[in-house]
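Only the coordinates and a few stated rules stand behind these numbers; no lab work does. The model shown is predicted, which means the values in this text are computed figures rather than measured ones. All Cβ positions, even for glycine, are placed from backbone atoms using ideal geometry, and neighbour counts span all protein chains on display.
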Amino acid sequence: MASHTFKLNSEQITVEAEDDVRLLWVLRDLLGVTGPKYGCGLGVCHACTSHINGKAFSPCSVPVSKIAPDDEITTIEGLPATVGNDLHPMQEAWLDLDVAQCGYCRPGQIMAAVAKVRQAAADGREIEDRVLDEIRNICRCGSYTLIREAIKEGAKNM
Ligand code: FES
Ligand code: FES
C-alpha cells in the first residue's frame with residue numbers, strides 16, 4: 001500500500017491505496033466522493049468525467065499512482081466552488097431546462113460540458129453543434145437534445 005497525495009476539490013489530501021487502483025475507486029470507495037459515476041470502467045461512457053487541472057478526463061482509466069502531488073482534481077462536488085457560488089451556471093442550466101431523466105449521466109455530462117465550453121473559449125470557437133459533437137458522454141435515457149440546449153444556455157453564463 002502506498003500513499004498518494006493530490007489536490008481534490010481545493011483540499012490537499014493523502015490516501016493509502018495500491019498504485020494500480022484506478023482513481024475512480026479511490027474517489028468513490030476510499031474518499032466517499034460519489035459524484036463521478038461508474039458506467040463502463042473503460043473510458044468509454046464518460047459517466048465518471050471529472051477535471052484534472054481544469055481539463056476533462058475519465059478517472060476510471062487512470063491509476064492513482066499517475067496523479068502527481070500538484071495535480072488538481074475537481075469533481076462535480078467541487079465545481080460550484082470554482083465560481084464561488086452554490087451552483088455552477090452549467091448546473092443551473094440543467095435545472096432550468098429540467099434536463100435529467102434518471103440523472104445518472106448528469107455529473108459527467110456537466111463536467112464534460114464545462115471543460116468543453118472553457119476549451120472552446122480558449123480556442124476562440126463558438127458553442128455550436130459541431131463543437132458539442134466532440135462531447136462523447138453517453139446518456140442511456142437519450143436526453144441529448146435537452147443536454148445540448150442546456151450546454152448552450154449554461155455557456156452564456158460562464
Ligand atoms: S466509467 Fe469512466 S468512462 Fe465509463
Ligand atoms: S438522464 Fe439517464 S442516463 Fe442521462
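Quick look at the numbers
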| read-out | value |
| --- | --- |
| On Cα atoms only, tilt of 106-123 relative to the major axis of the chain in degrees | 70 |
| For SER10, SER143, order by how many other beta-carbon atoms lie within 10 Å, fewest first | SER10, SER143 |
| Region 81-156: relative contact order in percent, alpha carbon pairs under 8 Å with at least 6 residues between | 48 |
| Extended-chain gain in nm, criterion 0.36 nm per residue less alpha-carbon gap, TYR38 and GLU149 | 37.5 nm |
| Over the chain: helical MRE at 222 nm, DSSP H runs n ≥ 4 each giving -39500 (n - 2.57), nearest 500 | -8000 deg cm²/dmol |
| Tail weight of P(r) past 19 Å, computed on alpha-carbon pairs of the chain, percent | 52 |
| Length-normalised contact order of region 1-73 in % [C-alpha pairs under 8 Å, at least 6 apart] | 38 |
| Simple spin-label estimate for ASP86 and GLU18 in nanometres, 7 Å along Cα-Cβ | 4.3 |
| Spherically averaged projected area of region 81-156 from its Cα convex hull (nm²) | 4.9 |
| Burial ordering of ILE147, ILE67, ILE13, fewest other beta-carbon atoms within 10 Å first | ILE13, ILE67, ILE147 |
| Stokes-Einstein translational diffusion, region 2-75 - Kirkwood Rh over all Cα pairs, 1.567 mPa s, 4 °C, in µm²/s | 109 |
| Relative contact order %, the chain, counting alpha carbon pairs below 8 Å whose residues are six or more apart | 24 |
| Where GluC sites (Glu not before Pro) in DSSP loops with at most 14 other Cβ within 10 Å are excluded, longest remaining stretch of the chain | 19-125 |
| Across LYS37/LYS66; LYS66/LYS156; LYS116/LYS156, pairs whose alpha-carbon gap is larger than 25 Å | LYS66/LYS156 |
| Sparse-neighbour loop sites [trypsin sites (Lys or Arg not before Pro); region 114-158; at most 12 other C-beta within 10 Å; DSSP] | ARG136, ARG140 |
